[in-house]
1. Which helices (runs of 4 or more DSSP H) sit wholly inside the range 1-98 and have at least 2 residues that are at pLDDT below 85, outside the structural domain of Tyr127 (by TED's automatic domain parsing) and within 26 Å of Asn135 (Cα to Cα)?
2. Here are some residues: Gly341, Gly329, Gly325, Gly295. Which one is within 12 Å of Val380 (Cα to Cα) and in contact with a Ser or Thr (Cβ under 9 Å, 6 or more places away or on another chain)?
3. Would you tally the residues in the range 351-381 being at pLDDT below 85 and either at negative phi or not assigned by TED's automatic domain parsing to the domain that holds Arg305 (or both)?
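The values are calculated or read from the model by the stated rules, or taken from the named source; none is laboratory data. Predicted, not measured: the structure shown is a model, and the values here were computed from it. Glycine also receives a Cβ, built like all others from the backbone with ideal geometry; neighbour counts cover every protein chain displayed.
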Amino acid sequence: MTRLPLPHWLKPAPDSIAGQDMRAGRSPWLPLIHVVWSVWVFLTPMMAGGGYGYSLRWMLLTAVSYPLFLLLYAACVYAAPRKAHAAAMGLVLMCLVLLPWYPSGLSYFVFGCVMLQPRRQRSLLAYIAVLAALNAVLLAYALWLGYPWQALVWMPTVTAIIGLLVMADRINQQREAALKLSQDEVRRLATLAERERIGRDLHDLLGHTLSMVALKSDLAGRLVDRDPAAARGEIAEVSRVARDALSQVRRAVSGIRAAGIAAELASAKLLLETDGIAFDYRLEDGFTDNALPPGVESALAMTVREAATNIQRHARAHHAQVSFGVEAGEAVLRVVDDGRGGAIVPGNGLTGMRERIEAVRGRLRVDTGHGKGTRIEARVPLAANDDDPS
């Protein structure tokens, strides 16, 4: 589905509330849903007495103040923190200015208090202190104006509850964003480390070998006329060294490919243990001694990623385990969790897992039951993938 773009004049600042939502993949329109609570601006006169009900004065003040409220609220959502806080204080001040003639302005006060909340958790105590001070000022001012205390007693409770709930939700969103960044960083560092290792391995393996090939080739060229037999011996030695180098490169590439699985295991451990799910893995005897064809390694690594994501999102598990092994010429991956299990629903990554495994001539089995967790087993024949050119 195509996301409705924001108009150019409403472009959010990078560190604004909407900007943070966009980085997390959420719609920048989402924070505006809270404007629906401004309906109390229009309902308050129904409950107000003493000449504060619907009147020409109420209509005029609403016509002037409500568009200003919408403008200030948009600034709270789309502006940088400093400007957003100024806009929130503007909402509070607008309430205080209008209060002698306009009880509906109390809704602007609630919005202002909520939008004053800090962007970082460590400022929570300061935010509570600001809420208490603003509510004390409002109560004293409203009582001085003659408002009945029964109409005001709910204000501190409402502003505190809504403000803290919204702040808690935002803190959770920030933690999710930080977790995603951590996972991306693990993958980036694993890739960087692997590139450095590849460079070292290629230098160590090929530098000496190619130097030897060059020297023996030169020697064979000089001997070819004077001593053909010796030249043939040198050429045979060049051939032997080249084959040995090719074998070493193949072993090195097998080790490089194994690092893809290592990176996915590290990422899965970070993802699950951050969410409170214990995770461990083991490489069974024989696995590290067998070179995986590139396609097999890629399919198994992506299966680990999809399985870990499903466990984190859907399983409600306490523990998960991954194991790799080689059995009867097949690479075997098992992923087990102790989550809620239940019926297998198409999607949730299972279709992608099955397609990847079947693409390398393997088979995927998923066993699950209500309250019994889920067990995923992937088996891929190694001999059938020896011709993989990847």
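1. Those helices (runs of 4 or more DSSP H) do not exist here; none qualify.
2. On the way: Gly341 fails: within 12 Å of Val380 (Cα to Cα); Gly329 fails: in contact with a Ser or Thr (Cβ under 9 Å, 6 or more places away or on another chain); Gly325 fails: in contact with a Ser or Thr (Cβ under 9 Å, 6 or more places away or on another chain).
Among Gly341, Gly329, Gly325, Gly295, only Gly295 is within 12 Å of Val380 (Cα to Cα) and in contact with a Ser or Thr (Cβ under 9 Å, 6 or more places away or on another chain).
3. Initial filter on the range 351-381 (at pLDDT below 85): 351-352, 368-372.
If we keep only those that are either at negative phi or not assigned by TED's automatic domain parsing to the domain that holds Arg305 (or both) as well, we get 351-352, 368-370, 372.
Count: 6.
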